[in-house]
Amino acid sequence: MNRAILGLGRQFVAVQKRALHKGVDSTPPLRFMPIPERIGLYFFIAVAFLSYPTSVLLRLDSLRPRADNLLSPEVQAQIDEIRAARRK
């Protein structure tokens, strides 16, 4: 029983060592891409990530109605009184 467990443990360690270094099979795909393709991919990713926040910012008025920036009638009356007092 113990030999079987130790054998599985050794086999697991060997598999992990092989999985760590696979050579050419596990190289990242960008390594073999031409530079113009890399630039195009970069711009595609940048546009994809920035397009949604930009569209939201441009459509803010249609997404949420503007708040009324009017003063209350009492405050407006006080402002009018102050302006009238300055003109005298």
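Residue by residue, here is whether (1) under 19 Å from the mean Cα position of the chain (by Cα); (2) among the polar types (S, T, N, Q); (3) in a helix (DSSP H, G or I); (4) loosely packed, with under 10 Cβ neighbours inside 10 Å holds:
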| position | (1), (2), (3), (4) |
| --- | --- |
| 38 | no, no, yes, no |
| 43 | yes, no, yes, no |
| 50 | yes, no, yes, no |
| 53 | yes, no, yes, yes |
| 62 | no, yes, yes, yes |
| 70 | no, no, no, yes |
| 75 | no, no, yes, no |
| 79 | no, no, yes, no |
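When residue 87 is tested against (1) at pLDDT 80 or above; (2) surrounded by 10 or more Cβ atoms within 10 Å (Cβ to Cβ), exactly one condition is not met: (2).
The values are calculated or read from the model by the stated rules, or taken from the named source; none is laboratory data. Source: prediction; values computed, not measured. Glycine also receives a Cβ, built like all others from the backbone with ideal geometry; neighbour counts cover every protein chain displayed.
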